[in-house]
Amino acid sequence: MLKCDFHIHTRYSPDSNLSPDLIIKTAIKKKLDVIGVVDHDIFKGGPETKKLAAKIAPSMVVIPGEEIKTLSGEIIAFGIQNTIPRKLTLRKTIEEAKKQNAFIVVPHPFEKIRQGLGNAILGIKDDIDAVEAFNSRCFLGSFNKKALKFATENNIPVIAGSDSHFDYEIGSGYTYVDAEPDENSVLDAIKKGRTEIGGKITGLKPHFRTFIQKRLSRD
Ligand SMILES: [Zn+2]
């Protein structure tokens, strides 16, 4: 089983300060085999991290993606080639993602305060490849429970992620995937539901630091 954290942000997200180098080194320390690296509304940190990992940690599988803000909330698209613009309708965003053959994940779906889709997820049920049924930054455990219940009832595969914006968060939410250590095999195994999820809630501190980071990056 591969240990994966599918939700890590780089410094290309306005609320993170993580360099690709620090992400890779921390992931190695945390014994992760696979990392999903996404940024808010830009497809940049993931590809950069993947390129660097090929040089300094060739056994690490990096799956690049983008966490896109739609008019209804956020989705994550892995396996894309170009940035998908923000603030399109949810349907249009799904269409754009599909044009790029994306693997579509709905992060923290029921946490409306953090851009979760809420009930809008019902309209894209058939387009989703996986639901993030555990997110370490969820304010309330009940949001994660609701996500897991939704995914189970609708027979949608589940993954977990830390939603890391700082190094100490990396690996706090994890998914075990029964796959070979390469991107296609991992995504394929998720689609077949060969995952187990777990992790711990990182608490309020990371949220607070994100707030500070946002303030700083505005200057
Ligand atoms: Zn995120």
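Each residue of region 191-202 is assigned a 3J(HN,Hα), and the resulting list reads 4, 8, x, 8, 10, 9, 10, x, x, 10, 6, 8 Hz, derived from the Karplus form 6.51 cos²θ - 1.76 cosθ + 1.60 (θ = phi - 60°), x at Gly and Pro. Pick out which of 153, 67, 132 has the largest mean-square fluctuation in a Gaussian network model of the chain, springs linking Cα atoms closer than 10 Å. Looking only at 153, 67, 132, the biggest GNM fluctuation is shown by 153. Amide H to amide H distances under 5 Å link residue 75 with 68, 70, where only residues 5 or more positions off or on other chains count and H is placed in the peptide plane. Of all DSSP beta bridges confined to the chain, the antiparallel ones make up roughly 50%.
Couplings 3J(HN,Hα) of region 106-113, computed from phi: 9, x, 5, x, 9, 9, 4, 5 Hz, in residue order, whole Hz [Karplus 6.51 cos²θ - 1.76 cosθ + 1.60, θ = phi - 60°; x for Gly and Pro]. Database remark: amide H of residue 108 closer than 5 angstrom to the amide H of 132 (H placed geometrically; neighbours at sequence offset of 5 or more, or on other chains; Pro and chain starts carry no H). Partners of residue 50 within straight-line reach, counting lysines whose Cα lies under 18 Å from its Cα and excluding those fewer than 8 residues away in the same chain: 3, 25, 29, 30, 31.
With R₀ set to 22 Å, the beta-carbon distance separating residue 153 from residue 99 gives a calculated FRET efficiency near 0.15.
Please pull out the direction-averaged projected area of the chain, using the convex hull of its alpha-carbon atoms, in nm² to one decimal place.
On the way: hull surface 41.9 nm².
Result: a mean projected hull area of 10.5 nm².
Once fully extended, how much extra length lies between residue 82 and residue 51, figured as 0.36 nm per residue of separation less the alpha-carbon to alpha-carbon distance? Working shown, then result.
Values: separation 31, 0.36 × 31 = 11.16 nm, distance 1.55 nm.
That pair, residue 82 and residue 51, stretches by 9.6 nm at full extension.
Rolled with a 1.4 Å probe across the full set of protein chains, the surface gives residue 176 an accessible area near 70 Å². Phi-derived couplings, Karplus 6.51 cos²θ - 1.76 cosθ + 1.60 at θ = phi - 60°, listed residue by residue for region 85-99: x, 7, 6, 8, 5, 4, 4, 5, 5, 4, 4, 4, 5, 5, 4 Hz, with x used for Gly and Pro.
Taken over the C-alpha atoms, region 75-202 has Rg and Dmax values of 14.0, 36 angstrom. Between the amide H of residue 42 and those of 67, distances stay under 5 Å, these residues lying 5 or more places away or on another chain, with hydrogens modeled in the peptide plane.
Between the listed residues 198, 140, 122, the Cα displaced farthest toward the positive end of the dipole of the chain, a dipole computed from Cβ unit charges relative to the Cα centre, is found at 140.
Normalised by residue count, region 11-64 yields a Cα convex hull volume of 62 Å³ per residue. Simple spin-label estimate for residue 59 and residue 25 gives 2.0 nm between the two label positions (7 Å along the Cα-to-Cβ direction from each Cα).
The values are calculated or read from the model by the stated rules, or taken from the named source; none is laboratory data. The structure presented is a predicted model; accordingly, all values stated were derived computationally and were not measured. Glycine also receives a Cβ, built like all others from the backbone with ideal geometry; neighbour counts cover every protein chain displayed. Quick note on the areas: whole protein, heavy atoms, side chains included, nothing else; ligands and nucleic acids left out. Shrake-Rupley method; radii C 1.70, N 1.55, O 1.52, S 1.80 Å.
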